[in-house]
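K.L.:
First the structure, then my questions, so here it is.
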Amino acid sequence: MLGVSVDEAAGAEQDQRPRANWKSWAGAALGLVVLGLAAWGLNKIAGQVTMAQVMAEIQATPPHLIVFAASSTALSYVVLIGYDWFATRHLGYKIGWPTLAAASFSSFTISHTLGVTVLTGGTVRYRIYTRVGVRAADIAMIVLLCGWTFWLGIIFVAGLGLIVAPDLAAPIRAWMPPQAEEWTGALLLGGVAAYTVLTSLWKHEFKLWRYRFALPDGKQTLQQIAIGTLDLALAGGALYILLLPVAGVPDLLTFLVIYAVAMVSGALAHAPGGLGVFELVVVGLMPEAEKAGVLAAVALFRILYTFIPFTLGSSLFAILELRALRAARAAQTNAAMQAAAPVLPANSH
């Protein structure tokens, strides 16, 4: 549970103005490196696959697989509402499901496409949540909690996949020590377990400038892991369904590890939707899979998971903004009419 007064919130917001530091410069440099590697890798892939081959693979994709993938995508966006539900409940807010769904769908669909989640998704959440009484100082914490739920799911799935199905790409296994994948998976799962134990035992609040906050407890952390894992499984499962006709694709659990790595790499690159980086990682970590088929599946996945939801989410956000603008104008008009109305003298009889 978090608490902060209005004056404190204003002070916290003023103190937390974005400032350039070594971390931001390092993040930008890392993003440029990842983008450079992606450009190099895609250039190599482009010499092996033609656009005509990719288009032929797209046209050959069975329609029922596209329907199944679209259904898995829709379910993943339903699960994404759980991110905002968890974050707002942890902060002590009880917000109705329609508002949660609108904020979650609009923010995630826009940030998935445009990237820079803190700016794009944070702005959308700010516009929607402040109208229902969420303090401005809490918006950043909502974004942070949603992001941490995502990372917990990524780490848990990657750790589990590396232990149960340690079958990543041959180029990686060639230079990795024996059983390195299993040890890495054990390290990831151990980190998740250690954090869960810590949150179960830690009862103290943290203070950042004037803003006080508490970590989710052990039970809430397990909820975060469950939400993040289910989201990753449904989103990655949608792409896996589209990859079913492609020869050389690994088992589902191994693929979910590859999907997690691709998602993280795209996020580090700060490219809109991880464009280019995501494709490179998926293709590069499945060297035995037919590249034209993989790129065709990824293209269909982007349409189902990114572009169509972006159109719907941005339209929903525009409608909400238009309604809010009309409501504000109506309130101003009513206030002006009341102020201009003549005051009738009191009846003395």
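K.L.:
So, ILE66, is that one in a loop (DSSP other than H, G, I, E, B), surrounded by fewer than 21 Cβ atoms within 10 Å (Cβ to Cβ) and out of contact with any Gly (no Cβ under 8 Å at 6 or more places or on another chain) or not? Write out each step before concluding.
P.N.:
Details: in a loop (DSSP other than H, G, I, E, B): no; surrounded by fewer than 21 Cβ atoms within 10 Å (Cβ to Cβ): yes; out of contact with any Gly (no Cβ under 8 Å at 6 or more places or on another chain): yes.
No; evaluated as a whole, the condition is false for this residue.
K.L.:
Could you say whether any residue in region 51-58 is in a helix (DSSP H, G or I) and either at pLDDT 95 or above or farther than 23 Å from PHE278 by Cβ (or both)? Before you say what the answer is, go through the steps one by one.
P.N.:
So in region 51-58, the residues in a helix (DSSP H, G or I) come out as 51-58.
Still in the list and also either at pLDDT 95 or above or farther than 23 Å from PHE278 by Cβ (or both): none.
For region 51-58, residues in a helix (DSSP H, G or I) and either at pLDDT 95 or above or farther than 23 Å from PHE278 by Cβ (or both): absent.
K.L.:
Any idea which of PRO250, PRO245 is in a loop (DSSP other than H, G, I, E, B), closer than 30 Å to GLU290 by Cα, open to solvent by less than 40 Å² (accessible area, probe 1.4 Å) and not β-branched (Val, Ile, Thr)?
P.N.:
Working: PRO245 fails: open to solvent by less than 40 Å² (accessible area, probe 1.4 Å).
Being in a loop (DSSP other than H, G, I, E, B), closer than 30 Å to GLU290 by Cα, open to solvent by less than 40 Å² (accessible area, probe 1.4 Å) and not β-branched (Val, Ile, Thr) holds for just one of PRO250, PRO245, which is PRO250.
K.L.:
When the residues of region 81-132 are filtered to those that are part of a loop (DSSP other than H, G, I, E, B), out of contact with any strand residue (DSSP E or B) (no Cβ under 9 Å at 6 or more places or on another chain) and at pLDDT 90 or above, which remaining residue is most open to solvent (accessible area, probe 1.4 Å)? Walk me through how you get there before you give the answer.
P.N.:
Residues of region 81-132 that are part of a loop (DSSP other than H, G, I, E, B), as a first pass: 91-96, 115-116.
From what's left, out of contact with any strand residue (DSSP E or B) (no Cβ under 9 Å at 6 or more places or on another chain): 93-96, 115-116.
Those left that are additionally at pLDDT 90 or above: 93-96.
On the way: TYR93: 34, LYS94: 178, ILE95: 22, GLY96: 40 Å².
My answer is LYS94.
K.L.:
Same structure again: For region 253-279, name all the residues that are farther than 28 Å from ALA193 by Cβ, open to solvent by less than 30 Å² (accessible area, probe 1.4 Å) and assigned to a helix (DSSP H, G or I).
P.N.:
Residues satisfying the conditions are ALA269, GLY273, GLY274, VAL277, PHE278, GLU279.
K.L.:
Still on this structure, please answer the following. Check LEU91, LEU119 and return the single one that is free of Cβ contacts under 8 Å to residues at least 12 places away in the same chain and of a type in the set (A, V, I, L, M). If you could, list the steps in order and put the result at the bottom.
P.N.:
Values: LEU91 fails: free of Cβ contacts under 8 Å to residues at least 12 places away in the same chain.
None of the other options fit; the residue is LEU119.
K.L.:
Then there's this: Name the pairs: first residue in region 49-61 and touching a residue at least 60 places away in the same chain (Cβ under 8 Å), second residue of a type in the set (D, E, K, R), Cβ to Cβ under 7 Å, at least 6 apart or on different chains?
P.N.:
VAL49/LYS291
The values are calculated or read from the model by the stated rules, or taken from the named source; none is laboratory data. Note that the coordinates shown come from a computational prediction; the quantities given were computed from them, not determined experimentally. When we count neighbours, we look across all protein chains shown, and the Cβ atoms used for this are built from the backbone with ideal geometry, even at glycine. Surface accessibility is based on the protein's heavy atoms, side chains included, excluding ligands, DNA and RNA. Shrake-Rupley method; radii C 1.70, N 1.55, O 1.52, S 1.80 Å.
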